[in-house]
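So the structure is just underneath, and the comments pick up after that.
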Amino acid sequence: MRKSRFSDEQIIGFLNQAEAGMAVAEPCRMQGFSDTTFYKWRAKFGGMQVEEAKRLRELEAENGRLKKLLAEAHLDIEALKVGFGVKR
């Protein structure tokens, strides 16, 4: 997945500008991103504050680590089954 050139804090700032009454096209034009991108960001970050976005990022990173650990554990279990010749 491509990394955004804008931080989560900046994205929330753009969303707050639009909520404050600025037309959606204005921050899009000034910062150089499309309306579609704005609406995708609004779906992900809509109604969030900066602290909540930071916590979301931390939770996503932790979730990724846990998924990796689980995959490694399942791989170890499968290797042990094959090594001892356990039938399924």
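Just so it is clear, none of the values below were taken in a lab; they were calculated from the coordinates. Treat the numbers as computed from the prediction; the structure is a model and nothing was measured. Here Cβ is always computed from backbone atoms with ideal geometry, including for glycine, and neighbour counts include all displayed protein chains.
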Quiz item: Could you give me the ³J(HN,Hα) list for the range 53-67, computed from phi with Karplus coefficients 6.51, -1.76, 1.60 and θ = phi - 60°, whole Hz, x at Gly and Pro?
Solution: 5, 4, 5, 4, 4, 5, 5, 5, 5, 4, 4, x, 5, 5, 4
Exercise. Would you compute the Debye intensity of the range 1-48 from its alpha-carbon atoms alone, equal scatterers and no solvent, and pass along log10 I(q)/I(0) at q = 0.30 Å⁻¹ to two decimals?
Key: -1.38
Quiz item: Using a simple charge model, +1 on the beta-carbon of Lys and Arg, -1 on the beta-carbon of Asp and Glu, nothing else, what dipole does the chain show about its Cα centre, in debye to the nearest 20?
Solution: 500 debye
Quiz prompt | GNM top mover of LEU75, LEU59, LEU15 - the chain, alpha-carbon springs below 10 Å | solution = LEU75
Quiz item: Using the Karplus equation 6.51 cos²θ - 1.76 cosθ + 1.60 (θ = phi - 60°), what ³J(HN,Hα) coupling, rounded to whole Hz, does each residue of the range 29-45 give in order, writing x for Gly and Pro?
Solution: 5, 5, 9, x, 10, 8, 4, 4, 4, 4, 5, 5, 5, 5, 5, 7, 10
Quiz item: Considering only VAL86, LEU75, PRO27, whose Cα is most displaced toward the positive end of the charge dipole of the chain, charges sitting on Cβ of Lys, Arg (+1) and Asp, Glu (-1)?
Solution: VAL86
Quiz prompt | Residue among GLU52, GLU60, GLU78 with the largest mean-square fluctuation in a Gaussian network model of the chain, springs linking Cα atoms under 10 Å | solution = GLU78
Quiz item: What number comes out for the charge environment of ASP8, summing +1 per Lys or Arg and -1 per Asp or Glu over other residues with Cβ under 14 Å away?
Solution: +3
